[in-house]
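These notes concern the structure reproduced below.
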Amino acid sequence: MRIGLVLRELQHDEQKLAYELLRASERHRVDHEIHHLGRDLARWSQRHVRDIADIGDRFGVDLDPRPTGEPALSKLVREKAGGLVGRHTDASLLMLRDLRGIHVQASGVSVDWVMIAQAAQALRDTELLDLAQRCHPDTLRQLRWANAKLEESCTQILVT
């Protein structure tokens with residue numbers, strides 16, 4: 001079975017999505033919605049990382065359950081830069097780029113969850129299917145949030 005390979009890739013992608021959300025949260029501290037909601041949405045992906053690790057050994061992969069955190073120095077620099085960038089006019093373009101990156105990453109994670117759910121149904125593996133059915137809606141919510149924030153912001157940023 002190759003499900004272990006997909007689980008490994010899915011966990012990696014969830015790690016990256018959490019990182020992208022945390023990075024955007026720190027870069028755009030002056031936008032309270034991005035800052036606070038970005039952190040909340042990152043925690044969902046971090047929880048998924050742990051959940052995927054819990055089931056990984058059943059499919060022959062040993063996955064680290066610890067979500068990747070931000071290095072302390074990098075976080076401090078990003079926080080300081082976030083305050084400065086938030087006041088700069090190009091910060092809005094950086095925000096669009098960050099939201100685009102989150103949207104693309106969440107789309108990939110969503111596809112991974114669809115593949116896992118399809119495989120779980122074929123195998124009649126209720127534990128794996130429960131995991132996919134529990135986590136995939138969170139990913140779709142992350143995707144919709146990034147898309148909605150892009151739609152809300154892009155016209156004003158790009159036209160003015």
Probe 1.4 Å, heavy atoms of protein chains only: per residue, the accessible area of the chain in Å² is 55 Å²
Give the carbon-plus-sulfur fraction of the accessible surface of the chain in %, rounded to a whole number; probe 1.4 Å, heavy atoms of protein chains only. 54 percent
Projecting each Cα onto the charge dipole of the chain (Lys/Arg +1, Asp/Glu -1 at the beta carbon, about the Cα centre), which of 113, 55, 102 comes out farthest on the positive side? 102
Rounding to the nearest 20 debye, state how big the charge dipole of the chain is about its Cα centre with +1 on each Lys and Arg Cβ and -1 on each Asp and Glu Cβ. 380 debye
Of 123, 22, 5, which is farthest along the charge dipole of the chain in the positive direction, counting Lys and Arg as +1 and Asp and Glu as -1 at C-beta? 22
Can you give the calculated 222 nm mean residue ellipticity of the chain, where each DSSP H run of n ≥ 4 adds -39,500 (n - 2.57) and the sum is split over every residue, rounded to the nearest 500 deg cm²/dmol? -29000 deg cm²/dmol
Go through the stretch 105-118 residue by residue and turn each phi into a ³J(HN,Hα) via Karplus (6.51, -1.76, 1.60, θ = phi - 60°); whole Hz please, and just put x for glycine and proline. 5, 5, 4, x, 5, 4, 4, 4, 5, 4, 5, 5, 5, 5
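The values are calculated or read from the model by the stated rules, or taken from the named source; none is laboratory data. Quick caveat: nothing in here was measured; it's all calculated off a predicted structure. Cβ coordinates were reconstructed from backbone atoms using ideal geometry, including for glycine residues, and neighbour counts include every protein chain displayed. Calculation scope for accessible area: heavy atoms of the full protein, side chains included, ligands and nucleic acids excluded. Shrake-Rupley method; radii C 1.70, N 1.55, O 1.52, S 1.80 Å.
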